[in-house]
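Asks: Okay, handing you the structure first.
The values are calculated or read from the model by the stated rules, or taken from the named source; none is laboratory data. Owing to the predicted nature of the structure, the values given are computational and were not obtained by experimental measurement. All Cβ positions, glycine included, derive from the backbone under ideal geometry; neighbour counts span all protein chains shown.
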Amino acid sequence: MKIQQMAFMIIAIFIFFALVAVFFLSWQTRSLKSDFGAMQKEQAISSLAVISDMPELNCDSKTSLCLDEDKIRVMASNYSQRYSEFWPVASVKVYKVYPKEQFEQIVVFDSGQTNVEEYSTFVSICKKLKGSGYVYDSCNIGKLSVGVKLPEVVK
Amino acid sequence: MKPINTKKGQQEMIGFVLIVVLVMVAIMIFIVISVRKTPEDRQSLEIENMLSVMMKQTTGCAIVFEPEYDNVEDLIKSCYLDKKCENLNKPSCDYLNETLSGIIGDLGQTDNSIGAYELSVLNEAEGSAAIRLAYIRVGNCTTSTIGAQKTIVSDSGNLIVRLRVCKSV
């Protein structure tokens, strides 16, 4: 009888600790998944700097995350199709977000692919202006959005 | 018979106390790990880029002559040196606050996941308390924040621009 009681007690303690362990593991897995998602996003944003620093788009070889408005307009005027095999992505879009009154979407390149996931980051959009006999840089804030093709799901 | 029963009761009590202690230790370890793992103010590349791009925004303030307009970074330095926007006939610090509010308001609207944000520009001189040059706060943050900061080197002391964003999703 005493051995039976002890066995029950040991089983109860074991089940209790197993439940605690399951709870802890599920919490850890959730935290790990969220960290993985955040890291993937950070990696995608880092890759966007590569696109914005391309000499065909950037405003200054010394400045990162800076697009030349004139260059992106030239590229958007069907010129980028010549680069179709060169672009490592499915689409490249630029949004002028500040000042809000000047909001505009410029599609630099679009392969027309579907099932695309877009990643974006803030960039400066600069252009040369002339006033009172001086040439100066005017920079506004924009967003560079790049579409990455997702693998097709086989049914 | 009596002494045996007392011993048995004592043994059971010790057993229960041991179990309670074990459970308490497990709970304490769990709480400590979860508190450590929750980042109060995690650095984010996304916010770092946002802040860096904000600093390059051209403003309408010309300290010397038009069209020699300050960008936000220069405007912060001008504010620190208590200069005036000659073309607007306005103190640079007033214009800095207006500009930063406008930028942060518009940028906040581009991302639905941003619940609240806080931007502060501080002058951290050595050996003295930080002086706040500009401060903008919109919304209340109940969850953890992500943020970034940038140091602007000025003549005397460093100027710190700190942006904290609260993601609602």
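Asks: Of the residues that sit in segment A:82-100 and are touching a residue at least 40 places away in the same chain (Cβ under 8 Å) and not in a loop (DSSP other than H, G, I, E, B), which one is farthest from the chain's Cα centre (by Cα)? Talk me through it step by step, then tell me what you get.
Replies: The initial filter retains those residues of segment A:82-100 that are touching a residue at least 40 places away in the same chain (Cβ under 8 Å), namely A:89-99.
Within this subset, residues satisfying the condition of being not in a loop (DSSP other than H, G, I, E, B) are A:91-98.
Values: A:SER91: 13, A:VAL92: 12, A:LYS93: 12, A:VAL94: 13, A:TYR95: 14, A:LYS96: 17, A:VAL97: 17, A:TYR98: 19 Å.
Out of the qualifying residues, it is A:TYR98.
Asks: If I filter segment A:78-103 down to residues being within 14 Å of chain B (Cβ to nearest Cβ) and hydrophobic (A, V, I, L, M, F, W, C), which single residue comes out as farthest from A:MET54 (Cα to Cα)?
Replies: Applying the first criterion (within 14 Å of chain B (Cβ to nearest Cβ)) to segment A:78-103 yields A:93-103.
Filter again for hydrophobic (A, V, I, L, M, F, W, C), leaving A:94, A:97, A:103.
Values: A:VAL94: 14, A:VAL97: 21, A:PHE103: 24 Å.
That would be A:PHE103.
Asks: I've got another one for you. Name the residues in segment A:121-138 that are surrounded by fewer than 22 Cβ atoms within 10 Å (Cβ to Cβ) and either more than 8 Å from every other protein chain (Cβ to nearest Cβ) or out of contact with any Asp or Glu (no Cβ under 8 Å at 6 or more places or on another chain) (or both), would you? Steps first, please.
Replies: Just the residues of segment A:121-138 that are surrounded by fewer than 22 Cβ atoms within 10 Å (Cβ to Cβ), to begin with: A:127-138.
Listed by number, the residues that qualify are A:LYS127, A:LYS128, A:LYS130, A:GLY133, A:VAL135, A:ASP137, A:SER138.
Asks: Select from segment A:70-100 the residues that are closer than 29 Å to B:LEU100 by Cβ and either surrounded by 21 or more Cβ atoms within 10 Å (Cβ to Cβ) or among the hydroxyl-bearing types (Ser, Thr, Tyr) (or both) and list them in ascending order.
Replies: A:ILE72, A:VAL94, A:TYR95, A:VAL97, A:TYR98
Asks: Return the only residue of A:ILE45, A:ILE51 being within 11 Å of chain B (Cβ to nearest Cβ), assigned to a helix (DSSP H, G or I), on the phi < 0 side of the Ramachandran plot and not hydroxyl-bearing (Ser, Thr, Tyr). Even if it seems obvious, please write down each step before you answer.
Replies: On the way: A:ILE51 fails: within 11 Å of chain B (Cβ to nearest Cβ).
Step by step, each of A:ILE45, A:ILE51 is checked, and only A:ILE45 is within 11 Å of chain B (Cβ to nearest Cβ), assigned to a helix (DSSP H, G or I), on the phi < 0 side of the Ramachandran plot and not hydroxyl-bearing (Ser, Thr, Tyr).
Asks: Among the listed residues B:CYS79, B:CYS61, which satisfies the condition of being in the same structural domain as B:ARG162 (by TED's automatic domain parsing), part of a helix (DSSP H, G or I), farther than 19 Å from A:LEU65 by Cα and hydrophobic (A, V, I, L, M, F, W, C)?
Replies: On the way: B:CYS61 fails: part of a helix (DSSP H, G or I).
So the residue among B:CYS79, B:CYS61 that is in the same structural domain as B:ARG162 (by TED's automatic domain parsing), part of a helix (DSSP H, G or I), farther than 19 Å from A:LEU65 by Cα and hydrophobic (A, V, I, L, M, F, W, C) is B:CYS79.
Asks: Sticking with this one: Take segment B:51-79 and flag every residue that is among the small types (Gly, Ala, Ser) and either out of contact with any strand residue (DSSP E or B) (no Cβ under 6 Å at 6 or more places or on another chain) or closer than 24 Å to B:GLN149 by Cα (or both).
Replies: Kept after step one, since they are among the small types (Gly, Ala, Ser), are these residues of segment B:51-79: B:52, B:60, B:62, B:78.
Matches in segment B:51-79: B:SER52, B:GLY60, B:SER78.
Asks: Could you figure out which of (1) free of Cβ contacts under 8 Å to residues at least 24 places away in the same chain; (2) buried (at least 18 other Cβ atoms within 10 Å of the Cβ) isn't true of A:PHE103?
Replies: Going through the list (1) free of Cβ contacts under 8 Å to residues at least 24 places away in the same chain; (2) buried (at least 18 other Cβ atoms within 10 Å of the Cβ), A:PHE103 breaks only (2).
Asks: Regarding segment B:90-111, can at least one residue be identified that is away from chain A (no Cβ under 12 Å), more than 24 Å from the chain's Cα centre (by Cα) and surrounded by fewer than 19 Cβ atoms within 10 Å (Cβ to Cβ)?
Replies: Yes, segment B:90-111 has at least one match.
Asks: Here's something else I'd like to know. Listed residues B:THR142, B:THR99; which is at pLDDT below 85, of a type in the set (Val, Ile, Thr) and not in a strand (DSSP E or B)? Working first, answer last.
Replies: Working: B:THR99 fails: at pLDDT below 85.
From the options B:THR142, B:THR99, the qualifying one is B:THR142.
Asks: Hey, another quick one. Is it the case that segment A:67-77 has a residue that's within 14 Å of another protein chain (Cβ to nearest Cβ), of a type in the set (A, V, I, L, M, F, W, C), within 22 Å of B:GLU46 (Cβ to Cβ) and assigned to a strand (DSSP E or B)? Give the derivation first.
Replies: Kept after step one, since they are within 14 Å of another protein chain (Cβ to nearest Cβ), are these residues of segment A:67-77: A:67-69.
If we keep only those that are of a type in the set (A, V, I, L, M, F, W, C) as well, we get A:67.
Next, only the ones that are within 22 Å of B:GLU46 (Cβ to Cβ) stay: A:67.
Cutting the leftovers down to assigned to a strand (DSSP E or B) gives us A:67.
Yes, that holds for at least one residue.
Asks: OK, next. Considering only segment B:135-148, I want to know if a residue exists there that is among the hydroxyl-bearing types (Ser, Thr, Tyr), crowded, with 17+ Cβ neighbours inside 10 Å, in the same structural domain as B:GLU48 (by TED's automatic domain parsing) and more than 14 Å from B:CYS79 (Cα to Cα).
Replies: Yes, that holds for at least one residue.
Asks: Looking at the structure I just gave you, is B:GLY115 away from chain A (no Cβ under 12 Å), closer than 29 Å to A:ILE45 by Cβ and of a type in the set (Gly, Ala, Ser)?
Replies: Values: away from chain A (no Cβ under 12 Å): yes; closer than 29 Å to A:ILE45 by Cβ: yes; of a type in the set (Gly, Ala, Ser): yes.
Against the criterion (away from chain A (no Cβ under 12 Å), closer than 29 Å to A:ILE45 by Cβ and of a type in the set (Gly, Ala, Ser)), B:GLY115 qualifies.
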